[in-house]
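Visitor: Sending over a structure as C-alpha cells; questions will come in a sec.
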Number of protein chains: 2
Amino acid sequence: MRSRRPTMVDVAREAGVGLKTVSRVVNGESGVSPELVDRVFQAVAKLGFRRNAMARDLRAGRSTASVGLVIEDLGNPFYSSVARGVEQLTRDRDFVLMTASSEEDPERERGLVLELCQRRVEGMIIVPTALDHSFLQAEIEMGLQVVFLDRPATGLIADTVLVDNLGGAIAATDYLLDRGHHRIAVLGHEAKVWTMRQRLAGFRSALARAGVPYPEDLVCLGPLTPADAAAATAQLLDGGDPPTAFFACNNRMTVGVLAELQRRGGAADVSGFDDIETAGLFAQPLALVSYDAAEAGRRAAQLLLERLDGRRTPQQVVIPTTLVRYGSETAGRRAPATGAGARTPGPRAARASTRAGSGSGAGG
Amino acid sequence: MRSRRPTMVDVAREAGVGLKTVSRVVNGESGVSPELVDRVFQAVAKLGFRRNAMARDLRAGRSTASVGLVIEDLGNPFYSSVARGVEQLTRDRDFVLMTASSEEDPERERGLVLELCQRRVEGMIIVPTALDHSFLQAEIEMGLQVVFLDRPATGLIADTVLVDNLGGAIAATDYLLDRGHHRIAVLGHEAKVWTMRQRLAGFRSALARAGVPYPEDLVCLGPLTPADAAAATAQLLDGGDPPTAFFACNNRMTVGVLAELQRRGGAADVSGFDDIETAGLFAQPLALVSYDAAEAGRRAAQLLLERLDGRRTPQQVVIPTTLVRYGSETAGRRAPATGAGARTPGPRAARASTRAGSGSGAGG
DNA sequence: GTGAAAGCGCTAACAC
DNA sequence: GTGTTAGCGCTTTCAC
C-alpha cells in the first residue's frame, strides 16, 4: 500500500480551503480563523502531510538549513567528538549535519565539498587535507561560509580553529626532559601533515631550550597504525644507543609505543599528543597532551553561525592544551594504595595548562 | 564581492545555447555536438556553475539521494564506528549522510526523524529510543525506507540489525563462573533499555545453568557515566557479603568498575560488554564481549540499499560477539615478560566466538 | 541535434 | 481573512 506523498494542494482540497491558507497554517503564520486552522490541521494529520523542504527552500531562494562537516574519518574518536560538538550548536538552529569522511584524500575531499555545494549547504566545517583550497574562493564569493578545523587552509583566508600544537608538544617534551631524559625518540605521521610539523617544531624547540641535541636517528615519521608504531618502537629499541623515552605525536602512536614497551616489560618514559579516555587504567604511567575536541567542534560551529549571522572579519581560535599525567611512579604494580594514583573518572592527577586563555582574535 | 549563484539559464546565455543543451551537457547526456559541449563547459567553468540539487530532485520528483542516521550520541565510540560503517557503503552510491543524535530522548528522536522526512531522505537508519515507532508506518507507506539498528523497533515490522546480546552476556558470565566466582555483581543501564534487558537475561541464564543463585543484592541498574559506575562499585564492595567479580553491561560501566578497583588495589575479576580499544594496555586483566560495530553499520546500510533497490521482505541480521581476554593472571605487575601477555594491536590473546555465523534471515 | 514550454511543491505578491 | 497568480532552478515532454 504505497501511497503518494500528499502536497499542500491535497491538504487544501481535503480541508476545503485555498492553498495559501494551508501554507499559512503549516508555517504558523497568524491571521487565519481558528476554524480553518483546525480544518487544515485535521487534513494534515489525516493525509500525513510533511512539508517538502526542497520545494520550500528552492522557492525561498535560500540554502538548505544544513551544514556540511568534512573530516578525515568519522570513526576516529577525535573527529567524532568534534562532530558531536558541532552538532550541539547547530541543532538549536534546526540545521541538519551532513557528515563526510575525506580519508585524507585531497581528491575525495574536493569531491565531497563540491557535492555539498550542489546540495546548497549554508556552510561547511572542513578539516583540510588538500594542499590548496583556493578552489573554494569562488564558492565563498557565492555565499558559502567555511570554517577550517584542526589545520589552516592554504591559499585562502577563512575562520580557523586550531589546537595549540606547539605548546602541547613543548609541554610533553619538557615532561620527559625534566625526568632526566636526553635520548628521546619521536614517532609521528608524515611531516607533510601540518599538525605533525607543528608538534615536531615544539619538540625541537623544547630540546633546544634545554640544550639537548636533536636526535636525528630517533625521529621516526611515517607510521599510521598502532601496529606500525609498535614495530617502529621495537626497531628503535633494538638499535645501538636506544632511546630512554618516547614522544608519541598522536594517540595511535602512543598506543603502539605502550604496547611494545608492555610486551617487552620495558620501562621507558612516554608522553604523547592527544588524550586517551582510559589512560588512567593503563599499566604504564604516562603523560598526555589533552584538549577538548568537542569544544573545538563547538567553537568551529560558533564561528560558522556568526558568519551566517553576518560577521565578515576572519577569526582564529586556538584550543588550549593541558598536560595530564596518568599513573604515578608506582602505578602498574597492581594499582597504588594511595588515592593519588591513576584514576579515570573524576579529577585528573596533574594538569599544567600550556596556554592561558582560549585566545580568540582577528587573524588570517 | 558577493555574486549570485549562476543558474543553467545564465550558463545557456553565456554559452549562447538553449537551456536544454546545458542540461544535457551537465548531465552527461549524449547527442550534443562536441562544439556545443565545449562551449557549455567553458561557460560552466567561467561562471562557477554548480547544479542546484534541490531544484533537480524536486523536478524529478524524487528524494534527495541521502540517508539519515539517527543514533544516541555521535560522540560515543560505538556509534561513531557505526556511522563510519554506514558511510563506507552509502558514499559509493553518492548518498549524503545526515547524522543526528537523539540523546536517548524519544521526543527528540521523533522530531529528528520527522525533520529528516521533510528533507525527503531516501531512507533512515535508526537506533530506536522511543517505545513506539508506529508513527513511522505512515512514512514508510509513503516510500521511506527504514532500518533499525542495535534494538528492534516496537509496533513496526522492519529490517533490523542486532548484536548477539544474549550470547555475549552468557559468555561474559561463564568466564567469571569458570574462574570460580559465585558472587558476581552486575552494573548496567536502566532495564527499560532493550539491550540491557537482553544482557541481564544472558547473565541470569548463565547463572541458572551453573546452578548459582541470582544475586539480587548485587544487581545495580541505573548508573550512566564511569563515575556513577565507580561509585556504585565502591558501594557494592563496602557492603556486607561483597562480590568477588563484576559483570559490566557496557563500556562505561567497565571503565568505572576498573577505576574503582584500581583505586583500591582490589583484585576482583571483571568481564564487560563492549570492547575497549586500549584494553590490552590496562593494568588489570579482564574479559570483554567484542563485536564489530562498523560491520553493524555496514550491514544496516546494506539492508537499506537493498530496500532502495526494491527488496520488500523484512530481514534481521545478528552481529556475532566474541569474548576477548586481555592481560594474563600476571599482567599488571609491570607487564609480563612472556609474549603471551596483553597487547593491544595485533592478534588478540584469546577469543571464543559466541555465535557461529553472521546469521541473516527473514524475520519480523 | 536543439530549444520552447510546462510543471515539480512550495512561498511571495497581490487581489478579493 | 482568504484565494489566486507567478516563479524558485531544474527536468521532461514534444516540437522543430
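Visitor: Could you check region A:1-14 and list, in sequence order, the residues that are within 10 Å of DNA strand D (Cβ to nearest atom) and either surrounded by fewer than 18 Cβ atoms within 10 Å (Cβ to Cβ) or among the charged types (D, E, K, R) (or both)?
Guide: If the condition is that a residue be within 10 Å of DNA strand D (Cβ to nearest atom) and either surrounded by fewer than 18 Cβ atoms within 10 Å (Cβ to Cβ) or among the charged types (D, E, K, R) (or both), then A:Val9 is the only one that fits.
Visitor: Now, a different point. Quick check on my filter: what residues within region A:1-11 are within 9 Å of DNA strand C (Cβ to nearest atom) and of a type in the set (A, V, I, L, M)? Step through it out loud before you land on a result.
Guide: As a first pass, look at region A:1-11 and keep what is within 9 Å of DNA strand C (Cβ to nearest atom): A:4-11.
Selection gives A:Met8, A:Val9, A:Val11.
Visitor: Can you name the number of the only condition in (1) surrounded by 24 or more Cβ atoms within 10 Å (Cβ to Cβ); (2) within 12 Å of another protein chain (Cβ to nearest Cβ); (3) within 26 Å of B:Leu58 (Cβ to Cβ) that B:Ile125 fails?
Guide: (2)
Visitor: Now a separate question. Of everything in region B:247-299 that's in a loop (DSSP other than H, G, I, E, B) and of a type in the set (Ser, Thr, Tyr), which residue is nearest to the other protein chains (Cβ to nearest Cβ)?
Guide: Per the criteria, the residue is B:Thr278.
Visitor: Would you call A:Pro77 within 10 Å of chain B (Cβ to nearest Cβ) and away from DNA strand C (no atom under 12 Å from the Cβ)?
Guide: So A:Pro77 fits the description; yes.
Visitor: Kindly indicate which of B:Ala230, B:Ala208, B:Ala234, B:Ala248 is touching a Ser or Thr at 6+ places or on another chain (Cβ under 7 Å) and at pLDDT 95 or above.
Guide: So the residue among B:Ala230, B:Ala208, B:Ala234, B:Ala248 that is touching a Ser or Thr at 6+ places or on another chain (Cβ under 7 Å) and at pLDDT 95 or above is B:Ala248.
Visitor: Among the residues of region A:93-121, write down those that are more than 10 Å from chain B (Cβ to nearest Cβ), surrounded by fewer than 21 Cβ atoms within 10 Å (Cβ to Cβ) and at negative phi.
Guide: Those that are more than 10 Å from chain B (Cβ to nearest Cβ), surrounded by fewer than 21 Cβ atoms within 10 Å (Cβ to Cβ) and at negative phi: A:Arg93, A:Asp105, A:Pro106, A:Glu107, A:Arg110.
Visitor: Kindly evaluate B:Thr90 against the criterion of being within 30 Å of A:Met142 (Cβ to Cβ), more than 7 Å from chain A (Cβ to nearest Cβ), crowded, with 24+ Cβ neighbours inside 10 Å and not aliphatic (A, V, I, L, M).
Guide: yes
Visitor: For region A:180-200, does any single residue satisfy the condition of being assigned to a loop (DSSP other than H, G, I, E, B) and either within 14 Å of chain B (Cβ to nearest Cβ) or basic (Lys, Arg) (or both)?
Guide: yes
Visitor: Looking at (1) within 13 Å of DNA strand C (Cβ to nearest atom); (2) touching a residue at least 24 places away in the same chain (Cβ under 8 Å); (3) over 18 Å from B:Asp57 (Cβ atoms); (4) of a type in the set (Lys, Arg), find the lone condition where A:Lys20 falls short.
Guide: Just one mismatch for A:Lys20, condition (2).
Visitor: Anything in region B:132-145 that is touching a residue at least 40 places away in the same chain (Cβ under 8 Å) and out of contact with any Lys or Arg (no Cβ under 6 Å at 6 or more places or on another chain)? List them, or say none.
Guide: Within region B:132-145, just B:Gly143 meets the criteria.
Visitor: For region B:156-203, what are the residues that are of a type outside the set (A, V, I, L, M, F, W, C), at pLDDT below 95 and touching a strand residue (DSSP E or B) at 6+ places or on another chain (Cβ under 8 Å)?
Guide: B:His189, B:Glu190
Visitor: Looking only at region B:34-61, count every residue that is free of Cβ contacts under 8 Å to residues at least 40 places away in the same chain, of a type in the set (D, E, K, R) and within 10 Å of another protein chain (Cβ to nearest Cβ) and tell me the total.
Guide: Here the count works out to 2.
Visitor: State yes or no: is A:Val17 within 16 Å of DNA strand D (Cβ to nearest atom), of a type in the set (Val, Ile, Thr) and buried (at least 17 other Cβ atoms within 10 Å of the Cβ)? Step through it out loud before you land on a result.
Guide: Working: within 16 Å of DNA strand D (Cβ to nearest atom): yes; of a type in the set (Val, Ile, Thr): yes; buried (at least 17 other Cβ atoms within 10 Å of the Cβ): yes.
Criteria met by A:Val17.
Visitor: Just the residues that are near DNA strand C (Cβ under 9 Å from one of its atoms) and closer than 22 Å to A:Leu58 by Cα, please, taken from region B:23-46.
Guide: Result: B:Ser23, B:Arg24.
Visitor: Any idea which of (1) farther than 26 Å from B:Gly155 by Cα; (2) free of Cβ contacts under 8 Å to residues at least 12 places away in the same chain; (3) more than 15 Å from DNA strand C (Cβ to nearest atom) is the one B:Gly111 doesn't satisfy?
Guide: Result: B:Gly111 passes all but (1).
Visitor: Check every one of the helices (runs of 4 or more DSSP H) wholly within region B:29-131 and list those with 2 or more residues that are within 16 Å of DNA strand D (Cβ to nearest atom), at pLDDT 95 or above and not assigned by the TED database to the domain that holds B:Asp275.
Guide: Helices (runs of 4 or more DSSP H) meeting the threshold: B:34-47, B:53-60.
Visitor: Residues to consider are A:Phe95, A:Phe49; find the one that is of a type in the set (Phe, Trp, Tyr), in contact with a Ser or Thr (Cβ under 6 Å, 6 or more places away or on another chain) and closer than 23 Å to B:Leu116 by Cβ.
Guide: Of the residues listed, the single one that is of a type in the set (Phe, Trp, Tyr), in contact with a Ser or Thr (Cβ under 6 Å, 6 or more places away or on another chain) and closer than 23 Å to B:Leu116 by Cβ is A:Phe95.
Each row is one residue, and each column tells you yes or no for (1) small (Gly, Ala, Ser); (2) in contact with a Lys or Arg (Cβ under 8 Å, 6 or more places away or on another chain).
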residue: B:Arg204; (1), (2): no, no
residue: B:Ala208; (1), (2): yes, no
residue: B:Ala231; (1), (2): yes, no
residue: B:Gly280; (1), (2): yes, yes
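Visitor: How many residues are closer than 17 Å to A:Arg264 by Cα and assigned to a loop (DSSP other than H, G, I, E, B) if we restrict to region A:211-239?
Guide: Summing the residues that are closer than 17 Å to A:Arg264 by Cα and assigned to a loop (DSSP other than H, G, I, E, B) in region A:211-239 gives 1.
Visitor: Out of A:Pro77, A:Pro106, report the one residue that is over 26 Å from B:Ala296 (Cβ atoms) and either out of contact with any strand residue (DSSP E or B) (no Cβ under 6 Å at 6 or more places or on another chain) or of a type outside the set (Ser, Thr, Tyr) (or both).
Guide: Working: A:Pro77 fails: over 26 Å from B:Ala296 (Cβ atoms).
Going through A:Pro77, A:Pro106 in turn, the sole match is A:Pro106.
Visitor: Could you tell me which numbered condition B:Ala138 fails, if it satisfies all but one of (1) farther than 17 Å from A:Gly68 by Cβ; (2) within 11 Å of chain A (Cβ to nearest Cβ); (3) not in a helix (DSSP H, G or I)?
Guide: (3)
Visitor: A further question on this structure: Filter region A:262-273 down to the residues that are surrounded by 23 or more Cβ atoms within 10 Å (Cβ to Cβ) and under 17 Å from A:Asn250 (Cα atoms) and list them by number.
Guide: A:Val270, A:Ser271, A:Gly272, A:Phe273
The values are calculated or read from the model by the stated rules, or taken from the named source; none is laboratory data. What you see is a predicted model, and the numbers here were worked out from it, not measured in a lab. Because the Cβ atoms are built from the backbone with ideal geometry, glycine has one as well, and the counts that use them run over all protein chains shown.
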